[in-house]
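Heads up: the structure comes next, in structure tokens.
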Amino acid sequence: MNNPDLDEKQLRALLGDYTAPIGLYDKTKKMPFLGRVSCNVRELVAGEWTEVILDYEVGACGMADGSWFKATFKFYSDWALFQTVDPKGANYVSAEYQAGPLVPGQSPATVQSLKVRFDQKGHERPFQKAVIVDVVDGYVKAGDHIIIRLGDRRFGGPGTRVQTFVEQGFRFRCYVDPLGSSRFAAVPGDIKFDIVPGLPAQLVMAGSRLVRAGEKFVLRLRVEDQWGNTCWNRKEQCQVRATLDGKEVYDKTVALKEQGWAVAELTDLPTDKPGELAVTARLLNHPFVQEKTFYVTIEEKLAVPRVFYCDLHVHSDDTIGTNSTTYNLTYGRDVSGLDVLAFAHNDFNITTERWNRTVELIEEINQDGRFVAYPGTEWCGSSCAGGDHNVVFLHGKTPEFPFLKDGTHVRSCEWNEDMGAVSTIEPGAWPLEELWAAYAHDPEGHLLIPHVGGRRCIMDWHYPKLERLVEIGSSWGHFGWLYDECIRRGYKIGASMAGDEHRGRCGGGVPGTAVFGTKGGVTGVLAPALTRKAIGQALRARHTWATTGERTVALAWCGQYIQGDEFRHKGPARIEYRFLGENGWDEIAAYDHTGCIWRRDLQQEAGWSERKIRIRWGGARVKDRYRWAAWKGTITITNGVINSVVGRGFEHLEESCWREGATKIGFRTDTYGDADAVEVDVTDLARCRIRIEGTIDGYVKVGNPLDGNPFAHCPAFEWEVTGAELLEHGRLRKELGGTELFLAVERMSDAEMPRDVSGSFEVTPENGPHGHRPVYLFGRQIDDAKVWTSALFITFE
């Protein structure tokens, strides 16, 4: 019998004489059955250090001996990993039991202790990260409390470092296993609060790097906090000056928006004369925020109005991203200054209702000439079935998803948290061949992009009618090896990069400190107009280049043919190129199906310094989801004097280098296929000995994150070279295995590296084993910003 309207007096009248704690029945019936959770937090600043207290009041269900309680949050969060072994250390998490009051005749609970642990995959997607509390040797009664302290400061620790990116409505979702059966129910009422940006720390500008003379363009300016979040609701002003080839042509004070994102649009920059326009912004009343310069090259005879930038892989909280679809669309347009954006909802996660609403929002924001938006999905088949492939609907008609017109189900499968008690997975378009079959009837209206993410694509599969681009980098990392593999296999496929942004910062968003550890990528495209039709045709034509998020330009051509084109040629081919960057190009190289065939070392061309050197390290442990390499090491230089040390390529505040006395430099960074570096000015280089040593760790799924997870194939490294060897060879390199893990010691120039590099080289008339010769170019800046062109596919006659 379960009658919520029956009170204890009525119950006694019904039952007659019985024994039970006095008043407990009424008290219990008024309680929520699964309990309730409260929290001491209402709002947090991204990246701040604090203590968060979650107080679970046990519900009428109680908790049996051996039962569990979980506090979960979404897997994409880069909240610092919790540990349970060092109470005085950072990110210590504790759980304690506090008994609630007893009523007359009620016995205390018998629980002896609680055990707490942290598991990065302790629950199901999207709420995978979990603080798990076990009830040990006894039961817990209704009304008792389990108090979890995240970043417990009572023992002298600094607290916990909050996730580094903003989120509207961050959630802790709590679950209880009341019967000790390992079957969980959600405690009603998520803990929900906003994570907001901090104070202004840096200026960022985004726009076209290359513009035809006389064409207007928009340069977007924004203010970010120290973690790369765009500031909100700030009444700020910037002084903006511009010079054209060194002569001042613009000077204006610009007000940032007072409500919402702290951004401004510059729409009146002069483009009437060719040259290099250098636009410099300074945030007034903030002397510690460094001024920022954005470079725009204005060309008289540019074949397109300007270069366009795309992010073709964007998520929102409709599936596994951060913040709403509207938020992400408008962020891409108004903050990061994208020209083109395509959504990529995880196909197994997105509900039909949310998908239909996304398509409506995209149609509303799409505006030819200003901002092009495409609906899209991410087909999430396992790697053994082909791996992740994005589907971009280019045609402008109603997308055939999640069902084709004939009713065929085209999700990889359907499996999401809205399915309730459904406990089985029904496949749709699985394996990859069935996805191809779904859209093969209209190849011009669709673009499929294999990519590396959680379920990386396996290039044993390829369908050239639909797969015109491959994503070779994103916030998951840099994957130049993937384009190399495609080219070696003979595939005629173009290069792209995208955000795959799960943190609400599409369009080259800055990295966090966990799975998404590099800046989100961007694809450059050459198109005659900013329209859905023109952009779609240019993407399918492979007239693209892939950048690691920067607004750089990489162009390659052979006569009338440009990157991505297939053509026939007689005799040697003269390939011309141009690279436009920001911080100076370190190297430019050309590749074909055999590997590197031509290279320019711009440090060497500028003339080696007698003192300036660079120690670089990078790569990844593996090609799959938890790929990153966590480096901790030292650089010891003896028989010389270290004059200065500068870190390069560090993605965020928790990657750093430092001096450890007269001869030693320490460093700690993570690499995801990218590279980090320390530049050193050292006296008496010829007499020096340079020793690099340290450890490589990886992802800690379960257990104490302080213990690390040594990389099995190279848990430690050590390498010693002499200054004399470096002076002789210029560059020294040591391979460490894994996925392109390496150490390098390199000479540098005292000169600044050029932002604008052009030239040509000759390719001999030799076809590869697949009947053609693909040639693509690669460039790397001194800060490890990279760019790849789509290949020229030459068939020599």
Going through the range 265-286 in order, the residues found to be buried (at least 20 other Cβ atoms within 10 Å of the Cβ) and within 27 Å of VAL196 (Cα to Cα) are LEU266, ALA281, LEU283
Could you check the range 589-608 and list, in sequence order, the residues that are closer than 30 Å to THR795 by Cβ and either assigned to a helix (DSSP H, G or I) or among the hydroxyl-bearing types (Ser, Thr, Tyr) (or both)? TYR591, THR594
Any chance GLY633 is at pLDDT 95 or above and surrounded by fewer than 19 Cβ atoms within 10 Å (Cβ to Cβ): no
Flagged in the range 727-744 as farther than 22 Å from ASP601 by Cβ and touching a helix residue (DSSP H, G or I) at 6+ places or on another chain (Cβ under 9 Å), in numbering order, are THR739
Hey, ASP334 outside any loop (DSSP other than H, G, I, E, B), closer than 22 Å to VAL515 by Cα and in contact (Cβ under 8 Å) with a residue 40 or more places away in the chain or not: no
Exception for PHE69 within (1) among the aromatic types (Phe, Trp, Tyr); (2) part of a helix (DSSP H, G or I); (3) within 33 Å of the chain's Cα centre (by Cα) falls at (2)
Mind listing whichever residues of the range 112-151 are part of a loop (DSSP other than H, G, I, E, B), surrounded by 21 or more Cβ atoms within 10 Å (Cβ to Cβ) and touching a strand residue (DSSP E or B) at 6+ places or on another chain (Cβ under 6 Å)? PHE127, GLY151
Within the range 464-490, track down each residue that is buried (at least 20 other Cβ atoms within 10 Å of the Cβ), aromatic (Phe, Trp, Tyr) and closer than 23 Å to ASP592 by Cβ. PHE479, TYR483
Sole miss for HIS345 among (1) under 15 Å from the mean Cα position of the chain (by Cα); (2) surrounded by 24 or more Cβ atoms within 10 Å (Cβ to Cβ) is condition (1)
Among residues belonging to the range 748-797 that are surrounded by fewer than 19 Cβ atoms within 10 Å (Cβ to Cβ) and β-branched (Val, Ile, Thr), point out the one that is farthest from the chain's Cα centre (by Cα). THR764
Could you tell me which numbered condition ASP565 fails, if it satisfies all but one of (1) assigned by TED's automatic domain parsing to the domain that holds GLY730; (2) of a type outside the set (Lys, Arg); (3) over 30 Å from the mean Cα position of the chain (by Cα)? (1)
Can you find a residue that is closer than 30 Å to GLY723 by Cβ, assigned to a strand (DSSP E or B) and touching a strand residue (DSSP E or B) at 6+ places or on another chain (Cβ under 6 Å) anywhere in the range 543-563? no
Which residues, counting only those in the range 680-711, are among the hydrophobic types (A, V, I, L, M, F, W, C) and closer than 23 Å to VAL85 by Cβ? ILE696, VAL700, VAL702, LEU706, PHE711
Only one residue in VAL162, VAL254, VAL240 is under 16 Å from GLN290 (Cα atoms) and β-branched (Val, Ile, Thr). Which one? VAL240
Residue check, ILE350 outside the structural domain of TRP232 (by TED's automatic domain parsing), assigned to a loop (DSSP other than H, G, I, E, B) and in contact with a helix residue (DSSP H, G or I) (Cβ under 8 Å, 6 or more places away or on another chain): yes
When the residues of the range 28-61 are filtered to those that are outside any loop (DSSP other than H, G, I, E, B) and of a type in the set (Asp, Glu), which remaining residue is surrounded by the most Cβ atoms within 10 Å (Cβ to Cβ)? GLU57
When you go through VAL254, VAL223, VAL249 one by one, which is the residue that is touching a strand residue (DSSP E or B) at 6+ places or on another chain (Cβ under 9 Å), assigned to a strand (DSSP E or B) and crowded, with 20+ Cβ neighbours inside 10 Å? VAL223
Just one listed residue, out of LEU706, LEU726, is in contact with a strand residue (DSSP E or B) (Cβ under 9 Å, 6 or more places away or on another chain), buried (at least 18 other Cβ atoms within 10 Å of the Cβ) and outside any loop (DSSP other than H, G, I, E, B), and it is LEU726
Going through the range 534-550 in order, the residues found to be of a type in the set (Lys, Arg) and either outside the structural domain of HIS313 (by TED's automatic domain parsing) or without any contact (Cβ under 8 Å) to a residue 12 or more places away in the chain (or both) are none
Answer yes or no as to whether ILE642 is assigned to a strand (DSSP E or B), in contact (Cβ under 8 Å) with a residue 24 or more places away in the chain, surrounded by 16 or more Cβ atoms within 10 Å (Cβ to Cβ) and in contact with a Leu (Cβ under 9 Å, 6 or more places away or on another chain). no
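The values are calculated or read from the model by the stated rules, or taken from the named source; none is laboratory data. Everything quoted here is computed from the prediction, not taken from an experiment. Neighbour counts run over all protein chains shown; Cβ positions are idealised from the backbone, glycine included.
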